[in-house]
Amino acid sequence: MSMLEKLGLLGVAGMSASILIQSLIRDGLRLRVNGTGSLIVGVLCLGAIGNLLTGGPLASQRWLVLALAVALVALVPHSRGAHLGAIAFGGLVLVASFALAATSEQHGTRACRFDKCGPLDVLITGIYPNENALALVLALTLPFLFLVPRRGARDALMLLIGVDIWLIGSRTALLGVAAAAAYWCIERWAVRRVGMILGWLVLLGGVAAELLLPLLAAPNSFTGRPQLWQLAATAEGASVIVGQGWGALERRFAEGGRIEGASAYSLHNQIVDVYFVAGGLGLIFFAIFVTQVSVRLGSYGAASLSLVAVPIWIGVLERPWSVGQVDWLTWSLIGTCLVALSQASTGTRQVRKEIRNVRVALAD
């Protein structure tokens, strides 16, 4: 781990701990636990147990930072505005990356591969080490834009990001763009009831694709991903229940030369990765978590479902939401949780306000 990565982890951990302590002091040391965040905490704990059982340490620095960030979601009260932070982050990444690519081709781009190239005859990496990392950040920014009330500015920014992802040369991120485009069409032209049905169909279609593709894909298709997916079948004994752990992929396979080290961070499929890291029990927790968040977001309109559907469609060929260690896409998981919980708490406060108004009216 480089010094810059260590400083970044230290900064995130420090801010998270500060927020948690301030919340505890404000609430008189009372903890208010919500089930949605607790489910992800449970998945992380299963991954830690699985890692210990397969010969690794219980936790790492990156695991602890992710656990602390998720604990904030489970314990700290929320307010509206998380989507603005996600949009601002995506915007900064977009500007910085294309500025670097325009001014320093050596640092902001890389040569095309024999099987992959962008429309500009280069692969744009920007401030990230590869084009997929950059494009996935931008693709995961798209669903947060649906929460912006000014439709004209929002649509223009979504179009800009979509075109930029195409220019970058990442094929996986285009799945997220396609899902976001589907929700844009639903929001614009479908009536509410039909729109909700279509919104759920898009989301469930992504889940079906995540489940079926690892079972049906040819071994040499999708840039060798099926060979990674088969590693999940190596689980046996307790690992079937609690997983093989957050570090098992790199420890057992990359170091042994069975897969490329660059691929050791995930199994490139969200469902397969969760099962590998946290086992069948962790997969059940994760499914309940996704269902809870989707139902809460769906109550505010079909377009809000894109906050879950876009990561799900990206998850067909990638793992956008890590349940093992903090990474460059963790902000999307935390942001989606915060949006779902803040909207739910806002709705609860509104109901309580209306109840108080009714009681006052009856008393008068």
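Observations on the structure shown:
- Highest mean packing first, where packing is the average number of other Cβ atoms within 10 Å per residue, the peptides 204-213, 312-321, 297-306 line up as 312-321, 297-306, 204-213.
- Listing Val323, Val202, Val191 from fewest to most neighbouring C-beta atoms within 10 Å gives Val191, Val202, Val323.
- Per DSSP, loop trypsin sites (Lys or Arg not before Pro) in region 64-137 with at most 15 further Cβ within 10 Å: Arg80
- Cα gyration tensor shape of region 82-162, rounded if a/c is under 1.5, else prolate or oblate by comparing a/b with b/c: prolate
We did not get these values from a lab; they are worked out from the coordinates using the rules stated. Just so it is clear, the structure is predicted and the values come from calculations on it, not from any experiment. Every residue, glycine as well, gets a Cβ built from its backbone with ideal geometry; the counts of neighbours run over all protein chains shown.
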